[in-house]
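Every number in this text was worked out from the coordinates using simple rules, so none of it is lab data. Every value quoted in this text rests on a predicted model; they were computed, and no experiment measured them. For neighbour counting, all protein chains shown are included, and Cβ atoms are generated from backbone atoms with ideal geometry for every residue, glycine included.
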Amino acid sequence: MKKLAAALVSIGIFLSLICTGCAAPTDNPLTPAESAVSSEEETQHVDAEKAVEIRLDQVPDDEVFLMAYNWYGKTYASKDSLNKTMLDQYSPRFHHAPRVPQETAVSFVIDSSESLPDIIRLTQHANTVRTDTGMPFDTQEIELTKEGDHSYCFNIDFRGFKMYYYLLECEWENGNLIKVAFAVEKSKN
């Protein structure tokens, strides 16, 4: 009888431990640290192509060329140089970059799901694609103004040139990098 009572007490203790979660391991094989890593991996980021939108007077520019990126471990680099990309696109006779008037506002809108870049650099190239103008080549870095929580802007000053193309470079603290190119031509009116 003592053996039966001891066995019943042992079974009762075992059952109470199971009910309070102290006896057997759970079916969850992840430790808290592993769970944190798992949820971090599930965080969704926009694709590199969508991280920065370029707008001309608030209208999205559809003619943007991804030159390179290092984006959350994925990398890409165009096999063509900036000059070759622009020559291929805009040197044919009836192919034109978006035509815009003097003082057009150009905005760079960073996707709101991403942090702001630590470095944002815009280089303007003049008279490099349509070289028959007789004007000298001109390259300069353009100063940008912070426009909103996630955007930067500048206004185009053609300064006698008929076409510019641009290289926008954005770098983040986490090692992400994006380089995109786009072009504009001065409208005739």
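Of note:
- Burial ranking of peptide ranges 175-183, 105-113, 140-148, 52-60 (average Cβ count within 10 Å, highest at the top): 175-183, 105-113, 52-60, 140-148
- Volume per residue of the convex hull around the Cα atoms, evaluated for the stretch 66-189, comes out as 116 Å³.
- Calculated from the alpha-carbon coordinates, the stretch 52-120 shows an Rg and a Dmax of 14.5, 41 Å respectively.
- Placing unit charges on each Cβ (+1 for Lys and Arg, -1 for Asp and Glu) gives the stretch 48-102 a dipole about its Cα centre, and among P92, S78, V59 the Cα reaching farthest toward its positive end belongs to S78.
- Entries in K50/K79; K84/K186; K146/K188 that, when Cα-Cα distance is taken, lie over 28 Å: K146/K188
- Pairwise label distance in nanometres, R121 with K50, each label 7 Å out on the Cα-Cβ vector: 2.9 nm
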